[in-house]
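Everything below concerns the one structure shown next.
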There are 2 protein chains.
Amino acid sequence: MGKKRNIIVGQSGGPTSVINSSLAGVYKTAKERGFHKVYGMLHGIEGLLDEMYVDLSTQIHSDMDIELLKRTPSAFLGSCRYKLPDIHENPAFYEKIFAILDKLDIEVFIYIGGNDSMDTIKKLSDYAIVKGHGQKFLGVPKTIDNDLALTDHTPGFGSAAKYIATSTKEVIRDAMGLSYRRKTITIMECMGRNAGWLTGSTALAKTEDCCGPDLIYLPEIPFDIEKFLKKCKELIQKKPSIVIAVSEGIRVPDGRYVCQLSGGSDYVDAFGHKQLAGTADYLAGFLAGELGCKTRSVELSTLQRSASHVASRVDINEAFMVGGAAVKAADEGDTGKMVVIDRVSDDPYMSAAGIYDVHKIANNEKTVPRSWVNKDGSYVTQEFVSYVEPLIQGDYQPFMVNGLPQHLVLKR
Amino acid sequence: MGKKRNIIVGQSGGPTSVINSSLAGVYKTAKERGFHKVYGMLHGIEGLLDEMYVDLSTQIHSDMDIELLKRTPSAFLGSCRYKLPDIHENPAFYEKIFAILDKLDIEVFIYIGGNDSMDTIKKLSDYAIVKGHGQKFLGVPKTIDNDLALTDHTPGFGSAAKYIATSTKEVIRDAMGLSYRRKTITIMECMGRNAGWLTGSTALAKTEDCCGPDLIYLPEIPFDIEKFLKKCKELIQKKPSIVIAVSEGIRVPDGRYVCQLSGGSDYVDAFGHKQLAGTADYLAGFLAGELGCKTRSVELSTLQRSASHVASRVDINEAFMVGGAAVKAADEGDTGKMVVIDRVSDDPYMSAAGIYDVHKIANNEKTVPRSWVNKDGSYVTQEFVSYVEPLIQGDYQPFMVNGLPQHLVLKR
């Protein structure tokens, strides 16, 4: 084996609470395995094209910094949403990227991201093989949406689920405390355009001290607004407060998003994804009009993907593990692969890093199985809860400075 | 002194993260001072009228339960929004309340709440004096809005400010991580109809590791939408991401709420307060249209008043203190008074409970002084930050069970 050269690592797509724990795992493992330099792309591949990068040894000076990085939400290096062109469409793009990689003496390229990022790994590794470049390309999974195929779950999901379940308990209490003669319906809106993992996680709020949400609607099941109204009407006759969780992406049977029923915005991002918002607002207005009771909407918005102050210990540790496992895999010769998390055991919960060919993964969205949703599509089953529960366990105490959680800052 | 009789305590108005710490303070101090029974009204005075109450010794069995109660958000006993009639308008109402108090052998009536609750204490104590009833009536302050006069600050505010500042740091990071070529404007909306204490607390996010919000708009200052647009335009030319905090209650110079500019809802509650929402949504849409960049709104909604998982230790302790101080004051013969928090010292921060005549307090809203907002009304000053900072210090670790914060449940 010759002398090890350099690694470059980037972050892509929507941030999570623990994406930096994967970065920490890459850095620490790379150093331990004797790689020379570890570079960080700033704003992913988009920044790399502008030759924006840092030597991570100028950012991380101690084990304490690594611990702080693990507790820092959002992409420390900056993220991007950048779809690579097909190789035959724009060879100049690939020549430019590989010229930069050669200049930096890169041996391993690691990209932490979701479905779109795995597409990047696939294209770059294909190009390298076709053109005879020696770099290895590894993907590290990341997304609160938990919609990546072949991995048991994605880093970032557990912490988002923990934040959502915690907030759901608090919102249910808040609504219950205020509802006596005046009945209240609260609609909580969670992220997850096509996959209901986050919305379903509100069910974890059902504990010995909390009744949990009354209804849960995932985007996998067509949303029948008349049946929904009927259920709400029945429930609110029996209880002073009902709380309903909905995905931002629920659609009526003709395919329109619920948030579009009010003529809401239709912004489309660079990947052709529609930006959705206002589902809870729309339903709160609809129910107020139909039932005449007080309604309220709570949109968890970007809070759910950045609330590192209540991150899951299991999630932070797994995020670190998959970062390190990518370095190990590359060091052992793998390329065009994504690290995945395999669930080794349920009780006690145990997981380990595995590895998959990225060609099998990219752009397949993993949705909630129909059998994990009840018959009329208004709640998740115990199987769903048992799957998520191990992922929200344990805490990493934030490093509190002057009353607030401290984060690691990028120095330019 | 004769044998001590019973105490009844109720909770009223919008919940907070620490209103139950005041309840714990009332209970523990009442037991220590030898009161016989401590009753809790269910849903405040509204529930009491229906003779809904519990003996708190059936709910709190140990010091551990007291600690759990301190960590439980929203009104443990249930709250209400109930405006008492004037005495001359509805004497039957008062006769009914006092008949219930006599039946329960009540010596002390304690009400934990905001401005409207202090009005309740005033009316009940006036009636008792006029009619020769012996009960004593004490108010314990509570409101995240911090808009009560004569007290340095209100319990509940510090924890809400801590949650808001924590979330602001996280939202700023999230937005920054994603903004490179594609610029982003994020509008965060905080509660506080007429008082900008909560919105101003976003300034605490300005720390060594965070630039803080770029602009802050309080409801005390008329909102000039053209000047606002100009400022945003200048800022977004210089930075890839800007984050702006606005109060739900900002109004344009003609008096209309910003959220009404879009024809938003106009729901009016039992106290004649308008229910506001949609200010951030409106401004995000406005800026997207004017500046053509990506905009996003984050409404902190009821999360900001119920997020006990990140409550302030100073706040929980002070809430407990004012609950206990109300029992002490009543036990020493006070009535028609509200307990207040006096700031004894700034550095080091020290506070103590004081007591004020409730006639001086009720229905005077304390707003942010003009001198604590900068000249053009777009940020708070260092004086504002120095005032809030001591109130967000320290934590009470939640009791985590199965990955989630545990709360005390009312057993009926």
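Quick notes on this one:
- Global geometry of region B:137-233, whether rounded, prolate or oblate, following the gyration tensor of its Cα atoms and the 1.5 cut on a/c: oblate
- Distance from region B:323-374 to region A:30-79 (C-alpha centre basis), Å: 49 Å
- Taking A:K103, A:K366, A:K239 in turn, the Gaussian network model of chain A (Cα-Cα springs below 10 Å) assigns the largest fluctuation to A:K103.
- Most fluctuating residue given options A:R343, A:R182, A:R296, as computed from a GNM of chain A linking Cα atoms under 10 Å: A:R182
- With all pairs of different C-alpha atoms in the average, the Kirkwood value for the hydrodynamic radius of region A:198-266 is 13.2 Å.
- Rg then Dmax, both in Å and based on the Cα atoms of region B:156-303: 14.7, 49.
- For region A:84-131, the square roots a ≥ b ≥ c of the C-alpha gyration tensor eigenvalues yield an a/c of 1.5 or more together with a/b not exceeding b/c, which makes the shape oblate.
- Annotation for region B:201-246: GluC sites (Glu not before Pro) lying in DSSP loop with at most 15 further Cβ atoms inside 10 Å of their Cβ are B:E208.
- R0 of 35 Å, Cβ-Cβ distance A:V401-B:L291: FRET efficiency to nearest 0.05: 0.50
- Label-point spacing for A:K206 across the identical copies (point 7 Å from Cα in the Cβ direction), in nm and ascending order: 4.7.
- Cβ-derived FRET efficiency at R0 51 Å, A:E383 paired with A:I87, nearest 0.05: 0.80
- Shielding by partners, peptide B:77-84 (average Cβ within 10 angstrom, other chains): 3
- Region A:291-389: GluC sites (Glu not before Pro) in DSSP loop, at most 12 other beta carbons within 10 Å: A:E332
- In this assembly of identical copies, the label point of B:K360 (Cα plus 7 Å along Cα-to-Cβ) is separated from its counterparts by 7.6 nm, sorted shortest first.
- Selected from B:Y349, B:Y217, B:Y27 as most flexible by GNM, with chain B as the system and alpha-carbon contacts under 10 Å: B:Y349
- Degrees between helix B:225-238 axis and first principal axis of chain B (Cα, 0 to 90, nearest 10): 60 degrees
- Per-copy distances of the B:A99 label point, shortest first, in nm (7 angstrom along Cα→Cβ): 9.2
- Computed label-point distance, nm, for sites B:K233 and A:K239 using a 7 Å Cα→Cβ extension: 5.0 nm
- Each residue, B:N374 and A:H36, gets one label point 7 Å from its Cα in the Cβ direction; the gap between the two is 4.7 nm.
- Coordinate range along principal axes, alpha carbons of region A:1-129, Å, largest first: 46, 37, 22
- Residue-averaged 222 nm ellipticity for chain A, from DSSP H runs of 4+ at -39500 (n - 2.57), nearest 500: -10500 deg cm²/dmol
- Sparse-neighbour loop sites [GluC sites (Glu not before Pro); region B:73-154; at most 15 other C-beta within 10 Å; DSSP]: B:E89
- Calculated on the alpha-carbon coordinates, the convex hull of the protein assembly as shown measures out at 159 cubic angstrom per residue.
- Column: log10 I(q)/I(0), Debye, Cα scatterers of region A:363-412, q = 0.13, 0.18 Å⁻¹: -0.63, -0.75
- A quarter of the convex hull surface defined by the alpha-carbon atoms of region B:74-214 gives 11.7 nm² as the mean projection.
- For B:K328, the aspartates and glutamates whose Cα falls under 16 Å of its own Cα, not counting residues fewer than eight places away in the same chain, are B:E32, B:E107, B:E318, B:D357.
- Antiparallel %, DSSP beta bridges [both residues in region A:156-303], to 5: 15 percent
- When the pairs B:K96/B:K142; A:K123/B:K239; B:K28/B:K411; A:K28/A:K366; A:K183/B:K103 are compared against a 28 Å limit on Cα-Cα distance, A:K123/B:K239; A:K28/A:K366; A:K183/B:K103 fall above it.
- Hypothetical label at A:S62: residues of region A:11-34 whose amide nitrogen lies under 18 Å (7 Å Cα-Cβ projection): A:28
- Its Cα gyration tensor gives region A:1-61 an equivalent ellipsoid; the semi-axes, largest first and in whole Å, are 20, 15, 10.
- Note on chain A: Rg/Rh from C-alpha atoms, Kirkwood Rh, equals 1.01.
- Förster radius 25 Å - calculated FRET efficiency between A:R181 and B:K96, Cβ distance, rounded to 0.05: 0.95
Each value in this text was obtained by applying a stated rule to the coordinates, not by laboratory testing. Just so you know, these numbers come straight off a predicted model, no measurement behind them. Every residue, glycine as well, gets a Cβ built from its backbone with ideal geometry; the counts of neighbours run over all protein chains shown.
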